There are 4 protein chains.
Amino acid sequence: MVVIMKPDFTAQQLQEAIAAMKAGGVNVMVSKGSETTILGAEGNAANIDQEKLEQLPGVERVMRVSEPYKKANRKYHPDDTCIPLPNGAVIGGNKLAVIAGPCSVESEEQIVGIAKAVQQTGACALRGGAFKPRTSPYSFQGLECEGLELLRRARRETGLPVVTEIMSTEYIDLFQECVDVIQVGARNMQNFDLLKKLGRETDKPILLKRGLSSTIEEWLMSAEYIMAGGNQNVILCERGIRTFETFTRNTLDLSAVLAVKQLSHLPVVVDPSHACGKAWMVERMAMAAVAAGADGLIIEVHNDPKNALCDGAQSITPHQFQDVMDKLSPIARAVGREV
Amino acid sequence: MVVIMKPDFTAQQLQEAIAAMKAGGVNVMVSKGSETTILGAEGNAANIDQEKLEQLPGVERVMRVSEPYKKANRKYHPDDTCIPLPNGAVIGGNKLAVIAGPCSVESEEQIVGIAKAVQQTGACALRGGAFKPRTSPYSFQGLECEGLELLRRARRETGLPVVTEIMSTEYIDLFQECVDVIQVGARNMQNFDLLKKLGRETDKPILLKRGLSSTIEEWLMSAEYIMAGGNQNVILCERGIRTFETFTRNTLDLSAVLAVKQLSHLPVVVDPSHACGKAWMVERMAMAAVAAGADGLIIEVHNDPKNALCDGAQSITPHQFQDVMDKLSPIARAVGREV
Amino acid sequence: MVVIMKPDFTAQQLQEAIAAMKAGGVNVMVSKGSETTILGAEGNAANIDQEKLEQLPGVERVMRVSEPYKKANRKYHPDDTCIPLPNGAVIGGNKLAVIAGPCSVESEEQIVGIAKAVQQTGACALRGGAFKPRTSPYSFQGLECEGLELLRRARRETGLPVVTEIMSTEYIDLFQECVDVIQVGARNMQNFDLLKKLGRETDKPILLKRGLSSTIEEWLMSAEYIMAGGNQNVILCERGIRTFETFTRNTLDLSAVLAVKQLSHLPVVVDPSHACGKAWMVERMAMAAVAAGADGLIIEVHNDPKNALCDGAQSITPHQFQDVMDKLSPIARAVGREV
Amino acid sequence: MVVIMKPDFTAQQLQEAIAAMKAGGVNVMVSKGSETTILGAEGNAANIDQEKLEQLPGVERVMRVSEPYKKANRKYHPDDTCIPLPNGAVIGGNKLAVIAGPCSVESEEQIVGIAKAVQQTGACALRGGAFKPRTSPYSFQGLECEGLELLRRARRETGLPVVTEIMSTEYIDLFQECVDVIQVGARNMQNFDLLKKLGRETDKPILLKRGLSSTIEEWLMSAEYIMAGGNQNVILCERGIRTFETFTRNTLDLSAVLAVKQLSHLPVVVDPSHACGKAWMVERMAMAAVAAGADGLIIEVHNDPKNALCDGAQSITPHQFQDVMDKLSPIARAVGREV
């Protein structure tokens, strides 16, 4: 951290600024020039109260040099984090991890049928929403607890681990029991109470979706919330960000995959279905995501997209999913991964 | 709602589309031209499943004509909603409602002192955070339950109703008891579980902040979530949206005040402190907000901004708050309001 | 400017970095700690080649402390710039400057009629587009040179100075002759060739609109382009920025008015018509702009909005313009201005 | 186009609306229900004056069904447009077209050296800026006409066609002579005067970069400006859009490649260098772009990035460029392209 003093600072103001930095556990270098005085922090500045420092009367500007996250930071954890699933699959390893399934769980027949189909095609986990965040209170909100039960049956039938979204802290115990990977949706990326409890009360892997208009730093800070609570098993999920473009539902930010792999040791998967909102775009954007370096994908697959209760426009059929998997093979090989 | 059929639709596809519209409770007008066939809904289209309609194979495009919110819609409730507070003040009435107080509750002395000061200057309610949403897990998270207790003491001392933020459904009962207006923060605007329960389990007024990059329609849909649950006492709060501009913390969208007053009957207040993030901007932006038609303001006031535990840079002192109130007078008069 | 060296920099890399800073005409303070080495520039860092510095192998990060604009910077020109018009009006003075007129010049009768009407109501200048930037090549592109001629006639009839948009360097001579204030549109804010020539080849006042998604710094850098060429008569115009909100055409950023008045000495006017795109919003947003501190307004007024060739939806009638002027009076007085 | 009438429209207002539609050359279907009256256009609605229609007093809303561009629209030109270069290369064909070269032309030795290097590695054209759009008037503005001359020499030495940016209409004749592909930069994407003249006064291929925060539709409308003038040789270039993310210079929007290939017949190339602003990201984003379906790439290559006069941080060396080309091979094969 670097602090620039105002041109007319007083000796006392300088002492206040130095004291505020030292309170964060760093040494302070003072560099006095004829016009400018600069204070530099030696050591980990993450505990300095930047906001407070900025409010001191003699301080002109405070500039952070290091990232505000620690546990999620690759600097302090150079090796890739790999997250094993109960069926032996690994998210973050050399093999591309493909999670597939419908937007919403609709019936036993539907979810079990899709689970079998995607398993056969090579998916390593089953996705399916039981609790659905919908913009309108009048839209289908998911089968809720019944949906969790149906996911459990699909898991029993296929052995596929189950990925589903949590929307409230009150269901953590239930998810602990029924679910293998707990998803935090884009709209809850900064639901800090939820993040804290997922850090403290479970060690299940958390699939943390990037917020609708979040920066990469904010996203990693949300991962930090979970990790600071004790749960180190965070999987990041890029699912498109809001831009002015309306042809696609969101704008898939594939450079974020590269950025996150450099800044953090956590695995990152890409959701081309929500990013684009159009089934015909999924195959190509999945290929691009793998080329960019994603550790995995999460793809919406539905047996009957035109009658899906939710997001049918972006769902592909099991047959199309097979095609996607076939197309991913040479791309994965080109970047040194297995499918 | 208007549906455009694809050029090569079949008779069966047309019937499917008509059926899907009728399932939403409307009559359907069919207009067949030589090149284009258009279906128009007669009646309230809010219950038509638009997504499903869009997925039908013969359908080219679905266009909504009416707003997707009903209870928050001025069309169905032409009169302004006015929300009374326990001390007789009203949010949404002819008198400008000014809520003031610190970002965070820090101590009894602090919160009671500020409460007395802002009451004397004409504030109608006291704000103060007990549970604080912070980007970093390592930042001060608020005094939590102790903070609520201190707010209660400030209310007891001054009679000022208390406005504070809720971050989790598990505290609704406690808020029901201690708090007069329950604030939902920008980051929780689409925490649908929280919204649903605030609709069903309390009838306290809810101050609903606009999300960081939300559209007005999404904001009103979040109000609709609360209202659909049964609680009609929603106060909208414009607090700036995220834009590319970084000089200000957010960009205050004052045209949203005008828009919301036309689209909805709900009262709207403006938070110039969070919008700008700079104390020196508060006075002028508060004046502009009143000129634009805001029903009220929510302003951060702190006795000692440079030592505030949170957001000191955007807090004004009680003395400056007095100045702001004085400056607001002629503006309020010019738009037909009392201060 | 502050430079942070990489942890493992070599002595030669340090010398390279110091040399690159000194090449920009500053002294360099070197502050070596056990973990971090910081270089600080003493003096005006505007001529340091920041990009080059960032590419040096030993350099971790370069942080600018001062603004990159000089001539537009209030630090070096504390007094407000006031720009006189030929009719004695002043933009940037104590009196609110209101520019009014149609989006496009359509006919002699139209432009002369509107000019007379707005003059009577207190406008200090006439706006009217002759060259129109349109998203579609198939839309009305303006009367072009004939439009300039009609503006000249309106000026002859009323004495009102004329404000109109230039879209190409080839017309500078013609504008020099016919026009009193040359407008640069939002889409040309970074048409650097145009800016350079308007700096070098004319000293007419330039009304510089903010780009569609420009930051304030970029906007001031565009002013700097004009001023660096020799023309100091720049009027800034806030006209709304692009956000995710679609209810309004753009989002009027009134905090930018405050920001620009602090960062720069240049006058700033607000265009509520283009910002909102809705005639019914103009009055209130004009009032808010004056409350926020704008030096003036530019308002679209058309005798027959529903038949306007361009932007009728955001144009008010001369009669409504009279109302707006009346409503502005008390607001202007409240902020110490005359109307 | 679909027009919804207001609930209380008069017979005369209906006639006005129908007349305004018919004036655009379409037939009008009238669909009267008990509550809603809808007008539908039969035929090409591109010539209807939508704005005027929206201003009619009886009209509630106007909704466009078809795209506003015609010449750039795949609907009317189903076959891919392929643009041949003088050296026999083709942009838009089966072979991936890779354009490479420095941000700026700096000297004969530099540009000729890089040209030879990238030619050997398989580039089909040489890029290099002679006129540089820079945010600051104090930054290096390019060698201008001398730069064009040096590009000509590089072309003479290698036979590589030359791609360079035009910033003003006054240089069109010179570019016509010296340049093979004329680039329009992101900041000039809506410099309509420039677009018009590039349509009318040359038939050289135009490489049209997407604007900083432009939608795909605006981008295609800018292509339409060029094509409406007579020049059909437009190459679209996705170069990243502005988002809230600051880790990358811009956010590369690879779904736009897919979108544009569906909406238009024009070829599209991707510029990973400007999109990311970081040399280490270029390889992976280039691979992702090819996987997504780009017809080509434009990559910044510099012999000595750390001493480049411009954009060194995003430039790769000729040696790294060789690596990129090698890595692209299997990706290109996987999508059915040659490198």
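The values are calculated or read from the model by the stated rules, or taken from the named source; none is laboratory data. What you see is a predicted model; the values in this text were computed from it and never measured. Here the Cβ positions follow ideal geometry from the backbone for every residue, glycine too, while neighbour counts run over all protein chains shown. Note: accessible area is taken over every heavy atom of the protein model, side chains too, but ligands, DNA and RNA are not part of it. Shrake-Rupley method; radii C 1.70, N 1.55, O 1.52, S 1.80 Å.
Once a ≥ b ≥ c are taken as the square roots of the eigenvalues of the Cα gyration tensor of chain C, is the result rounded (a/c under 1.5), prolate (a/b larger than b/c) or oblate (a/b not larger than b/c)? Prolate, because a/c is 1.5 or more and a/b exceeds b/c. Kindly state, to the nearest 0.05, the FRET efficiency for B:Asn87 paired with C:Lys306, given R0 = 56 Å and r defined as their beta-carbon distance. Taking R0 as 56 Å, the efficiency between B:Asn87 and C:Lys306 is 0.70. For the peptide A:215-226, the mean number of other protein chain Cβ atoms found within 10 angstrom of a residue's Cβ is 3.
Once B binds C, the 1.4 Å probe can no longer reach about 2900 Å² of accessible area, counting both sides.
Measuring between their Cα centroids, segment B:256-275 and segment B:177-213 lie 16 Å from each other. Across the identical copies, the label point of B:Asn87 (7 Å from Cα in the Cβ direction) is separated from its matches by 5.0, 6.0, 7.7 nm, in order from shortest. Centre-to-centre separation between the Cα atoms of segment D:123-165 and those of segment B:45-94: 55 Å. Compute the FRET efficiency between B:Ser329 and B:Arg134 as 1/(1 + (r/R0)^6), taking r as their Cβ-Cβ distance and R0 = 30 Å, and round to the nearest 0.05. For B:Ser329 and B:Arg134, the calculated efficiency is 0.25. Label separation (C:Asp8 vs B:Gln176): 6.1 nm, computed from points 7 Å beyond Cα along the C-beta direction. Across peptide A:119-132, the mean count of Cβ atoms from other chains lying within 10 Å of each residue's own Cβ comes to 0. The C-alpha atoms of chain B define a longest principal axis, and helix B:108-121 lies at about 80 degrees to it. Solvent exposure of chain D amounts to 33 Å² per residue of accessible area, where only protein heavy atoms count and the probe is 1.4 Å.
Each Lys and Arg Cβ is given +1 and each Asp and Glu Cβ -1; about its Cα centre, the protein assembly as shown then shows a dipole of about 0 debye. Using a ≥ b ≥ c from the Cα gyration tensor of segment B:68-181 (square roots of the eigenvalues), is it rounded, prolate or oblate, where a/c under 1.5 gives rounded and otherwise the larger of a/b and b/c decides, a/b for prolate? Since a/c reaches 1.5 but b/c is at least a/b, the shape of segment B:68-181 is classed as oblate. Which one of B:Gln314, B:Gln183, B:Gln55 has the biggest mean-square fluctuation once chain B is modelled by GNM with Cα springs under 10 Å? Among B:Gln314, B:Gln183, B:Gln55, the largest GNM mean-square fluctuation belongs to B:Gln55. Estimated at the nearest 10 Å², the accessible area of A:Ile331 is 0 Å² with a 1.4 Å probe.
Taking only the C-alpha atoms of segment C:159-303, Rg followed by Dmax gives 14.7, 42 Å.
Taking springs between alpha-carbon atoms closer than 10 angstrom, which of D:Arg153, D:Arg200, D:Arg134 fluctuates most in the Gaussian network model of chain D? So, out of D:Arg153, D:Arg200, D:Arg134, the one fluctuating most is D:Arg134.
What sits nearest the axis between copies B and D, counting only chain B Cβ atoms, is the residue and whole-Å distance B:Ser31, 2.
Need the per-residue list for segment A:249-263: every residue with at least 40 Å² less accessible surface in the complex of protein chains than in the chain by itself, probe 1.4 Å, sorted by number. Buried by the other chains: A:Thr251, A:Ser255, A:Leu258, A:Gln262. If you sort the three axes of the alpha carbon gyration tensor as a ≥ b ≥ c, you get a/c under 1.5 for the protein assembly as shown, which makes it rounded. Note on D:Tyr76 and B:Glu108: their simple-model spin labels are 7.8 nm apart, each label 7 Å out from Cα toward Cβ. Between C:Arg156 and C:Glu201, the contour length at 0.36 nm per residue exceeds the alpha carbon distance by 13.7 nm.
With θ taken as phi - 60° and the Karplus curve 6.51 cos²θ - 1.76 cosθ + 1.60 applied, the whole-hertz 3J(HN,Hα) list for segment A:88-97 is x, 5, 9, 9, x, x, 6, 8, 5, 9 Hz, x standing for glycine and proline. Rolling a 1.4 angstrom probe over chain A with all protein chains present gives an accessible area of which 45% lies on carbon and sulfur atoms. Considering helices alone, the calculated mean residue ellipticity of chain C at 222 nm is -10500 deg cm²/dmol, with DSSP H runs of length four and up weighted by -39500 (n - 2.57) and normalised per residue.
Taking the DSSP bridge list for segment B:83-334 and keeping only pairs wholly inside it, about 10 percent are antiparallel. Around B:Leu160, with a cut-off of 14 angstrom between Cβ atoms, what is the net charge of the other residues, counting Lys and Arg +1 and Asp and Glu -1? Here the count lands on +4. A label point on D:Ile18, set 7 Å along the Cα-to-Cβ line, lies at 2.4, 8.6, 8.6 nm from each of its counterparts in the other copies, closest listed first. Computed over chain A with a Gaussian network model linking Cα atoms closer than 10 Å, the most mobile of A:Ser255, A:Ser315, A:Ser136 is A:Ser136. Counting from the shortest, the label point at A:Glu157, 7 Å from Cα toward Cβ, is 6.4, 6.8, 7.9 nm from the same position in each remaining copy. Each residue of segment D:277-288 was assigned a 3J(HN,Hα) from its phi angle through the Karplus curve 6.51 cos²θ - 1.76 cosθ + 1.60 (θ = phi - 60°); the sequence is x, 9, 4, 5, 8, 4, 4, 5, 6, 5, 4, 4 Hz, with glycine and proline shown as x.
Using heavy atoms of the protein chains and a probe of 1.4 Å, the accessible area assigned to A:Asp304 is about 60 Å².
In terms of distances greater than 24 angstrom between alpha carbons, the cross-link table entries C:Lys209/C:Lys261; C:Lys6/C:Lys71; C:Lys22/C:Lys52; A:Lys6/C:Lys95; C:Lys52/D:Lys132; A:Lys22/C:Lys32 yield C:Lys6/C:Lys71; A:Lys6/C:Lys95.
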